[in-house]
Amino acid sequence: NAAAQLCKQIADAEGSGKHGNQNLLYLELNSRLAKNVGSSDVHDRLESTAILSALVDVDTLDEAQRTRIPIQLKKLLGQSNQTVSAEAVSVYRKLVDKKWTTFMSSVETDLSRSLEWLTNERSEALRMTALQIIEAL
């Protein structure tokens with residue numbers, strides 16, 4: 001499948017050295033993310049979650065690259081499509097497990113937003129996403 005193929009490409013690029021193919025692949029993936037995260041097409045947003053999931057597994061990302069991932073992910077978590085939200089939450093869980101400093105500093109904000117969604121949101125998908133985020137924490 002496409003996600004497995006993407007993970008293999010990233011692993012191959014990661015093995016080739018920090019300044020070699022990995023940077024080119026990262027730039028291509030980041031360009032796709034910039035285009036797809038805000039798309040109204042569910043398939044584009046699902047592709048974005050697959051890219052983010054694969055990037056979280058790359059150990060050689062620099063701090064700026066690690067900072068972009070949670071920002072892009074938050075855009076996907078706020079989607080009304082439950083399939084996209086569920087995939088985004090699984091990436092969120094991976095970030096919680098990684099305990100990146102840049103991500104962990106925003107956990108309190110994520111918790112507050114989730115509690116707000118539970119109490120004020122009319123969208124069932126966002127309430128479900130809120131529960132999943134709280135569970136991940």
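Points to keep in mind about this one:
- Glu116 vs. criteria without any contact (Cβ under 8 Å) to a residue 24 or more places away in the chain, among the acidic types (Asp, Glu) and within 26 Å of Ser40 (Cβ to Cβ): yes
- Taken together, the residues in region 63-97 that are small (Gly, Ala, Ser) and surrounded by 21 or more Cβ atoms within 10 Å (Cβ to Cβ) amount to 2.
- Checking each residue in region 20-37 for being open to solvent by less than 70 Å² (accessible area, probe 1.4 Å) and either closer than 12 Å to Lys75 by Cα or modelled with pLDDT of 85 or more (or both) picks out Leu33, Asn36, Val37.
- In region 98-117, of all residues being among the small types (Gly, Ala, Ser) and at pLDDT 85 or above, the one that is most open to solvent (accessible area, probe 1.4 Å) corresponds to Ser112.
- Unique residue being open to solvent by 20 Å² or more (accessible area, probe 1.4 Å) and polar (S, T, N, Q) when the list is Thr49, Thr60: Thr60
For (1) in contact (Cβ under 8 Å) with a residue 40 or more places away in the chain; (2) touching a Phe, Trp or Tyr at 6+ places or on another chain (Cβ under 8 Å); (3) over 22 Å from Gly38 (Cα atoms); (4) of a type in the set (A, V, I, L, M, F, W, C), each residue gets a yes or a no:
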{"site": "Asp59", "(1), (2), (3), (4)": "yes, no, yes, no"}
{"site": "Arg68", "(1), (2), (3), (4)": "no, no, no, no"}
{"site": "Gln82", "(1), (2), (3), (4)": "yes, no, no, no"}
{"site": "Ser85", "(1), (2), (3), (4)": "yes, no, no, no"}
{"site": "Trp100", "(1), (2), (3), (4)": "no, no, yes, yes"}
{"site": "Met104", "(1), (2), (3), (4)": "no, no, yes, yes"}
{"site": "Val107", "(1), (2), (3), (4)": "no, no, yes, yes"}
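- The criterion of at least 3 residues that are of a type in the set (Ser, Thr, Tyr) is met by the following helices (runs of 4 or more DSSP H) wholly inside region 87-137: 107-120.
The values are calculated or read from the model by the stated rules, or taken from the named source; none is laboratory data. What you see is a predicted model, and the numbers here were worked out from it, not measured in a lab. We place every Cβ from the backbone using ideal geometry, glycine too, and count neighbours over all the protein chains shown. For the accessible areas, the whole protein counts, side chains as well, though only heavy atoms, and no ligand, DNA or RNA atoms are used. Shrake-Rupley method; radii C 1.70, N 1.55, O 1.52, S 1.80 Å.
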